[in-house]
Each structure stands twice: as structure tokens, then as C-alpha cells.
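Only one structure is covered here, and it is reproduced in the block below.
The values are calculated or read from the model by the stated rules, or taken from the named source; none is laboratory data. Note that the coordinates shown come from a computational prediction; the quantities given were computed from them, not determined experimentally. Neighbour counts are summed over all protein chains in view; Cβ atoms, including those assigned to glycine, are modelled from backbone coordinates with ideal geometry.
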């Protein structure tokens, strides 16, 4: 008993040795918690352990150099996607060549820091506008594809039997085709039908123009962008169905699920409130890694001529246009290619670090590294 008391007193004297990044992450969490508490008054008191766990996750991430680099790159590209069109020196559909008399394909210089394309458009402006296009497509593809895969995976894993068999065989049919090839097929067929839908719905048209920060004159080109998003979402859900089903098969045999069934909770409640929160870690890691894959796939479809069409700016389309003038216009390939590389690298580094952060065993090992005794110097 005496020894147990000494251990408890020692633990009380311990605190986390926080760096500047830890203090920033703590402030961020407090802001989030305060916002939630405005809606749910007693949320902070009931979730103190969860808040402490969030802080520990950030402590672990702050001590991962690849994670910090990935978070920095991801944050930078997200901000560029949000504010890029407003920071661009010129509009994406503005052709300064007609006003200053400069030649086409201007190399990097004083007037165009990263050069100009074959239409005389500033490459910096195109890359900033392309950041919005890439961000919006990535978010919409994830929002459309991931929930579908999670729901199907939960249903298949929880109910099993014929339900599992039917869902998994449909999943296998989609996985039998290479995702890029299947996306190309859908992206080639859908634009005309989707263009008609957009033309008949002014509200949808205005929402898409606002999301992509485009002028009204580009309304006729929205069908290709929406077709790419739908095509990618259609081929993106099978992976999530597989990973969710596998985790659900394990969790449905755990005692807390049996207890939930015994007290009469519905299957929907058990899946949504009990199983899903306990298997969400691997899914979040998969989502983070997939953001980079979506960026790369979208750029590949645009390079093949199935995505955005000029004057809409898109990183893959810029590379394709530059390939027609390579090596003379090398800047049209090097700079957009570097942007795509850094964006994909950021998501991959962040995803790899989140895998460690969301693993309780690895996170606990980091916890002992960041604790110190009171009185020690930081």
C-alpha cells in the first residue's frame, strides 16, 4: 500500500514537457473544445479524458519530423487552395500578352516569375488557381466515396452471411478493374449527360462556379469537372469497404458489442456509435494517404484530356500543355510537376505519421518520452 501511494504521488508530480508546437496544438484543441461547448454545454466535463487523448496525439505528432513536414505541406496547400485564386497576380482567364506585347511561352523572368504558358498566361496565377481545383476535387471525391465504402463495409462485416457475400462480390467486381482505367471510362462517358444536368439547374451551376472560383463564362466547362469527380468517387469506395469490413468482423465479436445487443440497442446504433468509433483510426490514416492519391489521379486524368479544359487552370492540364512545347518551355512541366510532387508527398508523410499517432501502443511509448518531473528545466 505504501509503495502504491508513492507511485501515485510520483505520477501526480509528473507533467508533460511541452514544446512551442505543443503549446500551439493545445491552444488549437482548446479553441475546438470551446466551439463544441457552445453547442453542447456539458461536453467538456464529460470528455476530459478524450481531450487529454487529443493533446497526447498532437504531442506524438509534434515529435515526428516527417509528420511536421507533412502537416506543413498539407496546411500550405490547403491554404493555397482556399485563398490561391484571390492571391493570384492575374485571373486565370486573363491574357496579358494582348496588353504588354510579350511573346508566347515567356520564360521565367521579371515580368513572369515562373514564366508564361502558350496563351501568355502567368504560370504563378495558373498554379494558384489550380490549387483550388485540386483541393475541391479531392475533398468532394473523398466525401462521396469514403462514406459509401464505410457504410457498405460496416453492413457487410456486421451482418455477414448473404449480405456480406453480395457486397463483397460487388466490391471485387470494381477492384478487378484498374482504378485509373475505370475512372477514364466513366470520365469519358459522363460529361455530356452531366452538362445537361448543370444547365437545367442554375443553383448547382452557381455552387460549382463558387467552389472552383470560376467566372460565369466557364459554366459550359463545369460538366467535365463534375464528371471527373463522379468518376473518381465511383472507383474510390471499394478500398474503404474492404478495410472497414475487416475491422468490423473483429469488433463485432468483442464483449461490448454483445452487451449492446443484450440491452436491446438497434444494429444501426451499434454500428454507428460503438463499432465505427473503435475502427476509425485505420480509416483516417487511409483517408489521409488517399488525398495524395486523389490529387495524383485527378492530375493524370487532366493530363489525358479528361479533366479541366482551358482556360480553367489545372495542374495536370498545365503539364499536358507544356509537354507539347518541351524542352523549349521546360517551366510548364517542372514547376507544376514539382507542385504535384510536394502536395502528394505532404499527404503521404502526414498519413504515415498518423499511423503511429493513432496506434495506442506507440503513442504510449511517446508519452513516457515527453513526461518530466516537476522542477526539471524545460
Exactly one condition in (1) at pLDDT 90 or above; (2) more than 22 Å from residue 130 (Cβ to Cβ) is false for residue 336; which is it? (2)
Number of the exception - residue 182 against (1) outside any helix (DSSP H, G or I); (2) surrounded by 15 or more Cβ atoms within 10 Å (Cβ to Cβ); (3) at pLDDT below 85: (1)
Residue 90 - would you say it is in contact with a helix residue (DSSP H, G or I) (Cβ under 7 Å, 6 or more places away or on another chain) and in contact (Cβ under 8 Å) with a residue 40 or more places away in the chain? no
Of the residues that sit in the stretch 208-222 and are modelled with pLDDT of 85 or more and in a helix (DSSP H, G or I), which one is farthest from the chain's Cα centre (by Cα)? 217
Out of all the residues in the stretch 133-150, which are surrounded by 21 or more Cβ atoms within 10 Å (Cβ to Cβ) and under 18 Å from residue 87 (Cα atoms)? 133, 134, 135
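Looking only at residues in the stretch 339-355 that are under 16 Å from residue 131 (Cα atoms) and touching a residue at least 24 places away in the same chain (Cβ under 8 Å), which one is surrounded by the most Cβ atoms within 10 Å (Cβ to Cβ)? Walk me through it before giving the result.
Here is the first cut: in the stretch 339-355, the residues under 16 Å from residue 131 (Cα atoms) are 339-347.
Still in the list and also touching a residue at least 24 places away in the same chain (Cβ under 8 Å): 339-340, 342-347.
Working: 339: 22, 340: 22, 342: 12, 343: 27, 344: 20, 345: 16, 346: 24, 347: 24.
The residue in question is 343.
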Positions within the stretch 100-114 being closer than 12 Å to residue 331 by Cβ and either at pLDDT below 85 or part of a strand (DSSP E or B) (or both), in sequence order: 105, 106, 107, 109, 112
If a residue must be more than 22 Å from the chain's Cα centre (by Cα) and within 30 Å of residue 343 (Cβ to Cβ), how many such residues does the stretch 37-62 contain? 2
If we keep just the residues of the stretch 281-319 that are surrounded by fewer than 22 Cβ atoms within 10 Å (Cβ to Cβ) and under 20 Å from residue 112 (Cα atoms), which is modelled with the highest pLDDT? 311
Checking 41, 91 in turn, the sole residue that is modelled with pLDDT of 85 or more and more than 24 Å from residue 292 (Cα to Cα) turns out to be 91
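Taking the options 130, 153, 120, name whichever one is within 22 Å of residue 351 (Cβ to Cβ), assigned by TED's automatic domain parsing to the domain that holds residue 268 and surrounded by 15 or more Cβ atoms within 10 Å (Cβ to Cβ). Quick ask: steps written out before the conclusion?
Numbers: 130 fails: within 22 Å of residue 351 (Cβ to Cβ); 120 fails: within 22 Å of residue 351 (Cβ to Cβ).
That would be 153, the only listed residue that is within 22 Å of residue 351 (Cβ to Cβ), assigned by TED's automatic domain parsing to the domain that holds residue 268 and surrounded by 15 or more Cβ atoms within 10 Å (Cβ to Cβ).
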Could you figure out which of (1) modelled with pLDDT of 85 or more; (2) over 30 Å from residue 277 (Cα atoms) isn't true of residue 353? (2)
